[in-house]
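Undergrad: Here you go, one structure.
Read-outs throughout are calculated quantities, based only on the coordinates presented, and are distinct from any laboratory measurement. What you are looking at is a predicted structure, and each value in this text was computed from that prediction instead of being measured. Quick reminder, even Gly has a Cβ in these numbers, built from the backbone with ideal geometry, and neighbours come from all protein chains shown.
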Amino acid sequence: MESALISVHTGSRRGVFDITSEVVRFVSERGDGLVSVFVPHATAGIAVLEVGAGSDIDVMDALDDLLPRDNRWRHSHGSLGHGADHVLPAFVSPGTTIPVIGGNLTLGTWQSIVLIDPNEDNHHRQVRLSWVAG
């Protein structure tokens, strides 16, 4: 299995970060197989969704409704609501696997691979890409 780490600079903003182009570079010219995309952090997740048409903002709004940014959380260090960040992986998986055919991701027309990071305390994230040939 081949594997690589990519770095994603999230700054101090919470949000949805499109990493599709980095995954495309990783799988290009590899043939058929599977690519695993995994974020080794307790407060972030990976998803496949449409971005740029408002869905990315809707996802963050829905997460804020589901996991309010307040002081109700037992895990209470960091910024206000940080405990909610630690509950996120129960709703947004830390990883996904995508089929690759002829070195191309088999994503649908409007699908992108994104890092969802509600945690404003971490300014950099790493994402592990792993390749299993078919």
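Undergrad: How many of the residues in segment 37-71 are assigned to a loop (DSSP other than H, G, I, E, B), of a type in the set (Gly, Ala, Ser) and within 10 Å of the chain's Cα centre (by Cα)?
TA: 1
Undergrad: Something else about it: Examine segment 116-126 for a residue that is surrounded by fewer than 17 Cβ atoms within 10 Å (Cβ to Cβ) and within 12 Å of the chain's Cα centre (by Cα), and state whether such a residue exists.
TA: Yes, segment 116-126 contains at least one residue that is surrounded by fewer than 17 Cβ atoms within 10 Å (Cβ to Cβ) and within 12 Å of the chain's Cα centre (by Cα).
Undergrad: Is segment 24-38 home to any residue that is under 22 Å from residue 122 (Cα atoms) and surrounded by fewer than 17 Cβ atoms within 10 Å (Cβ to Cβ)?
TA: In the first step, residues of segment 24-38 are kept if they are under 22 Å from residue 122 (Cα atoms); the result is 37-38.
Add one more test, that the residue is surrounded by fewer than 17 Cβ atoms within 10 Å (Cβ to Cβ), and what stays is none.
No, segment 24-38 has no match at all.
Undergrad: Considering only residues that are aromatic (Phe, Trp, Tyr) and within 24 Å of residue 90 (Cα to Cα), which ones fall in segment 3-47? Walk me through it before giving the result.
TA: We begin by selecting, within segment 3-47, every residue aromatic (Phe, Trp, Tyr); these are 17, 26, 38.
Within segment 3-47, 17, 38 qualify.
Undergrad: A further question on this structure: Look through segment 99-115, keep the residues that are of a type in the set (A, V, I, L, M) and not in a loop (DSSP other than H, G, I, E, B), and return whichever of them is surrounded by the fewest Cβ atoms within 10 Å (Cβ to Cβ). Working first, answer last.
TA: Going residue by residue through segment 99-115, those that are of a type in the set (A, V, I, L, M) are 100-101, 105, 107, 113-115.
Filter again for not in a loop (DSSP other than H, G, I, E, B), leaving 100-101, 105, 113-115.
Working: 100: 24, 101: 12, 105: 20, 113: 25, 114: 24, 115: 24.
Among those residues, the one meeting the criterion is 101.
Undergrad: Now, a different point. Give the number of residues within segment 12-67 that are in contact with a Phe, Trp or Tyr (Cβ under 7 Å, 6 or more places away or on another chain) and small (Gly, Ala, Ser).
TA: 1
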